[in-house]
Amino acid sequence: FASDVIDGFLSPVWPSKSRRACIFPIFQTYQKMFVGVFDDDGAGANDDFAGRVVIDVARLRPNSVYDVFLPLRQYQNTYVRKPRGVIHLRLRVVWDNERKALLSYLKLPMKTKQLGNAVTLSCADYKAFRNVVLTVQGKDVPGRYKQIVQKGLSREMKLYKFIVKTTMKEQMLDIVLYMNPSTSLCVFIAWMHCVYSNSMAYIPVYLVASIIALLLRNYFKYGVDEEFNFGFTPITLSEIFRVLLFGGPNTKYIKPIKVTSKNDSAKTTINSHDELDGNEEDIMHQSVFDSGVEFHMDRDHMEFPFSEADRYAKKSLAEACVDATTMFQEDDEEDTKPSGKFASLRRRAKKSSQVILLPKAKGEDDDEDEEDEFGLMVKSSIPQPNGTSQETTNVQNIGQEGREKIPRSNSIEPTTVIPDKVWKRVKDPKGLPEQDALVNVKAKKTLKEDLIHNKNLLHKSTMRMFDDRMFIVNNEDPGHSTGEELALNQAIGTNRYKSPIVAKVAEYVAPALEMLKVGLSAWRSVFNLMTWRDPFLTSLFFFGAVLLLCVLLVFPWRLFFFVMGLGAVGPQNWLLRVSGKLPKKKKSPGQEDASKKSENKSKKNKTASREASGPSNNFQFHNHLTTDAGRDVREKISDKSTTSVHRAVIPNSPLISRRFYDWPPNPSLSKVDIYSE
């Protein structure tokens, strides 16, 4: 959905008859709502990105009208205190079936061959695609290297390392010194119980019990605490339990809430009618600056995980407001020449303490290319008939002899004796990897390809819960071309750098930073899960932990390990190997080619049947561009419009892996009313 463009206003307000509201269908409760704000520069130019906010649908109570003010952010992973403005939203969530909403966490989106489990949004042109990617990913888009992003990720990693090290040390000392007598006594009783029973079977039981105790502690500290949530209390554990047992269509076990804003002056100065004229708009924004909107949410973990209230407090609305004349003055401008209606404002803006983000050019490491001068003298003094030195010839011969002595897997017959050394059973016909540094070995993959391959393996191991793909190129989309991927990267600016040095560094550093993002995202997900940031997901995890604890109390460990040992290393495996049933024989190349041909034929038949049934009317996202008269000009073909469909990937993971918290909103102006039909 894209709203109308309000021309001529730096702080626009959308009137009642404008395109400003929509209804989104929700298929999974863990879906997020991404809201981006842009300065429209016309149909033929890229829009200036002001900022974005992300709202978790699971944090909203049904039948409650949320009227909130949220600070905008430009980056998804990098902490920048610079103000970007405030957005005013009105939200309401309606669940048709509360139990289905809860159990939607156990279902994944429909999987397809081209897209997998990814959720994509079809964009009609490159401009719409760019705006969607920036709204979803922020300015630190995956794959593009920026020094500020590298600095932010490294500092976040240092923070987590310090927190983990300090927390483990202090927690152990607190247990030993009985700083919290109840916790120390529980640990002592569990330890002695395992010693008395002379069994390790109770260790998993006590570990799960400690996780349940931690969840209960955090539930009362973060989940339902009125002071921590500033009145915007999320759904409680008791409500979710009743929904799980008795929920269904038209049930209302989740109750709405009512929250009044803390700023009394805002109630009288801000007009809540649909239409606002210029004077009322000035009054509203004046109230943000001057009417006491300085309420600080002084609690830990409000801005990002482990953020201290006195050092990294959550932004107040006054701190988030910014002068419109410097709104789009970027420290790392993408375009060399500013364009658009704010170009003159950007040129007139003061250049104060600009930071150069280009890395310094350092001397290259020439150790790999250097050779010993004495070696050069010796080689030049020994003449060779073929023009090569004796040292090089000897080294090559030794390498060849060494490779001949290595047992090759292809030459092993079924009747031969299996090598004693397990690590010598290699499948590579060349044997073990070459270790002589003077022997030239052609690498199968370059360093860049190896980094990208490892990054993809990391995403595959995490089931793409932290997917960093910005788009998916589907060969079956209309208007597909071979240069689609390159064109999409150019639209986002992934491979656009001012300096060739930065471009060369980005080829290797960008994949490494993406791997670091996966690790940080996993850490954030665990933290958010344990602190009840998503009440639905954490409640399901809590119920699962309680069920697991009950199972572990009666679990037959002796029978379990007996069956595991019998199946894994039992003597029947020898009989199966001798009889030829283990290991399973692989298909021959001819059989694999035949199976692939049959699969391709079935795919072609399915495609032909779809074409015969008629083209499907797929939804396509457009930028809603208007003129001064409010006339819709979306049908106008711009320079960036094409006839193809561009699929932007929308993150749809049940885990909350982003760094910053836009919720709860600042209660100085935000409020919640009970919806009445």
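The values are calculated or read from the model by the stated rules, or taken from the named source; none is laboratory data. Model, not experiment: these values are computed from the prediction. Cβ placement follows ideal geometry from the backbone for every residue including glycine, while neighbour counts extend to all protein chains displayed. Remember, those area values only see protein heavy atoms, side chains included, never the ligands or the DNA or RNA. Shrake-Rupley method; radii C 1.70, N 1.55, O 1.52, S 1.80 Å.
Among residues of the range 144-157 being in contact with a Leu (Cβ under 9 Å, 6 or more places away or on another chain) and open to solvent by 10 Å² or more (accessible area, probe 1.4 Å), the one that is nearest to residue 509 (Cα to Cα) is 145. Here the range 453-472 is the region considered, the condition is being surrounded by 16 or more Cβ atoms within 10 Å (Cβ to Cβ) and in contact with a Lys or Arg (Cβ under 9 Å, 6 or more places away or on another chain), and the residue that is modelled with the lowest pLDDT is 468. For the range 262-271, the count of residues that are open to solvent by 80 Å² or more (accessible area, probe 1.4 Å), at pLDDT below 80 and in a loop (DSSP other than H, G, I, E, B) is at least one.
When the residues of the range 189-209 are filtered to those that are assigned to a helix (DSSP H, G or I) and more than 40 Å from the chain's Cα centre (by Cα), the one that is surrounded by the most Cβ atoms within 10 Å (Cβ to Cβ) is 194. Hey, does the range 6-20 have a residue that's among the polar types (S, T, N, Q) and over 29 Å from residue 258 (Cβ atoms)? No, the conditions are met nowhere in the range 6-20. Among the residues of the range 158-174, none qualifies, meaning not one is surrounded by 12 or more Cβ atoms within 10 Å (Cβ to Cβ), polar (S, T, N, Q) and under 27 Å from the mean Cα position of the chain (by Cα). For first residues located in the range 200-222 and more than 13 Å from residue 538 (Cβ to Cβ) and free of Cβ contacts under 8 Å to residues at least 40 places away in the same chain, partners that are open to solvent by less than 80 Å² (accessible area, probe 1.4 Å) and in a helix (DSSP H, G or I) and lie 6+ apart or on another chain with Cβ distances below 6 Å form the pairs 202/194; 206/190. In the set 70, 102, 89, only one residue is over 20 Å from the mean Cα position of the chain (by Cα), crowded, with 20+ Cβ neighbours inside 10 Å and in a strand (DSSP E or B); that residue is 70.
Residues considered: 524, 464, 496. Of these, the only one that is out of contact with any strand residue (DSSP E or B) (no Cβ under 8 Å at 6 or more places or on another chain), of a type in the set (Lys, Arg) and closer than 15 Å to residue 655 by Cβ is 524. For the range 21-60, the set of residues classified as aliphatic (A, V, I, L, M) and within 28 Å of residue 256 (Cα to Cα) consists of 21, 23, 26, 33, 35, 53, 54, 55, 57, 58, 60, listed by residue number. For residue 575, state whether it is surrounded by 11 or more Cβ atoms within 10 Å (Cβ to Cβ) and in a helix (DSSP H, G or I). Here the answer is yes, as residue 575 does meet what is asked. Filtered by the rule that a residue be at pLDDT 90 or above and touching a strand residue (DSSP E or B) at 6+ places or on another chain (Cβ under 6 Å), the range 95-114 gives 95, 97. Exactly one residue among 217, 242 is surrounded by fewer than 19 Cβ atoms within 10 Å (Cβ to Cβ) and within 30 Å of residue 190 (Cα to Cα), and that residue is 217.
Within the option set 498, 448, being in a helix (DSSP H, G or I) and open to solvent by 70 Å² or more (accessible area, probe 1.4 Å) holds for one residue only, 448. Of the residues screened, residue 25 is not one that is under 19 Å from residue 665 (Cβ atoms) and either open to solvent by 20 Å² or more (accessible area, probe 1.4 Å) or not aromatic (Phe, Trp, Tyr) (or both). In this structure, residue 84 does not satisfy being assigned to a strand (DSSP E or B), touching a helix residue (DSSP H, G or I) at 6+ places or on another chain (Cβ under 9 Å) and basic (Lys, Arg). Every test in (1) under 26 Å from residue 96 (Cβ atoms); (2) in a helix (DSSP H, G or I) is passed by residue 222 save one, and that test is (1). Scanning the range 548-565 for residues that are part of a loop (DSSP other than H, G, I, E, B) and surrounded by 11 or more Cβ atoms within 10 Å (Cβ to Cβ) gives a single hit, 555. Of the residues 67, 40, the single one that is in contact (Cβ under 8 Å) with a residue 60 or more places away in the chain and more than 15 Å from residue 664 (Cα to Cα) is 40. The lone criterion from (1) crowded, with 19+ Cβ neighbours inside 10 Å; (2) modelled with pLDDT under 90 left unmet by residue 117 is number (1).
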